[in-house]
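All of the numbers you see were taken from the coordinates with simple rules; none came from a lab. Here the structure is a predicted model, which is why all the values come from computation and not from measurement. Backbone-built Cβ (ideal geometry, glycine too); neighbour counts: all protein chains shown.
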Amino acid sequence: MNLNAALDRNRRLLLITMALVAATADVARLRGFDPDHLAVVLAVPVGLAIVLWLVIIFGDRRREPSFLVIEADHAFRTRPSGTLAVVGVGHLATLGLLLLYPPDFAHGSFQDRFLLPTVAAGFLLYWRTLWSGDGITLTPAGVHADKARGTVTFPWEALDQAKPPVVESNELEIAYRRPELVKATGLLVFREWLTIGSVPLPTIAAALRHYLAHPEDRAGIGTTAGHERLFRAIADEPPLPPPGDDDEDDDEEVKPWTRARLAKRLTVVALALVAFCAAGAWVENAAGDESASNFAFRIVGGAVAATIVGHGLRVIKEYRRDRKR
């Protein structure tokens, strides 16, 4: 049985079960049970969620991208992902763990007062997709996207053929020629951006570009033959120029990757991480370990560190891809 499909199919059951386990543990603490013993019970699903998340992430990288062919609905849909289920279970278990050791809001540190409400409020960011799932569905009539806080539906005629869909900053950017045809539900801020994790965004963008440029092929959506034709067309599509490139950057883009260039880029990444760690140590010594400034630096710094590491991984990927040519 496919792990992603099984987790997605049982997502609501897993979430309800985890919520009941967490609530039972917290009620048991109020009745006098040792919170340390109860914490062990909640730590198990957190650890299991992390392991499953890693299995899903590395498994998706090895899997060839494809859509689900739903012949009954004449549709292609992104494959289900178990990521939502494991993230939701881990989130609920973490919230239960924090409730076992409630902070002293009157006299506790800033971090103690801030952490629990932040973790609880985190569900507001993806509560809808956590319960209903996410994904993109292509039909001969148009596109339906289930996002974290709502849905977006639009016909093919709404897209701007002069600005075909592209991927920027891990987001699928869509330009609308007729925005009045776009229908949205929920609390959506950006209708022009889609983030779906079960199928690589470049694959989805290429599929949208193909059907935008070849409307005669839309009739094949929802059929096995149409699916095969789509991916042959995607494989033959010429590479797009990186977005936002200027003429002066052309030499940089075509410059081949060498070990010396790779070492230079990775050295910059390593120095940036060292500088980040040094800045963190300085803030902690200057403001105090439990100060609001140190806590804010950790939050912002986490995003900065992830960006630095992500750049390093992207450099390695580009080097390996260039050496295979």
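Observations on the model:
- Listed values for segment 263-268 are Karplus-derived 3J(HN,Hα) couplings in whole Hz (6.51 cos²θ - 1.76 cosθ + 1.60, θ = phi - 60°), namely 4, 5, 5, 5, 5, 4, and x replaces Gly and Pro.
- For the listed peptides 31-40, 78-87, 212-221, 6-15, a ranking on the average number of other beta carbons within 10 Å per residue, highest first, reads 78-87, 6-15, 212-221, 31-40.
- ³J(HN,Hα), Karplus 6.51/-1.76/1.60, whole Hz, each residue of segment 23-29, x for Gly, Pro: 5, 4, 5, 5, 5, 4, 5
- Amide hydrogen neighbours beyond the local backbone of Gly135, cut-off 5 Å, H modeled: Asp146
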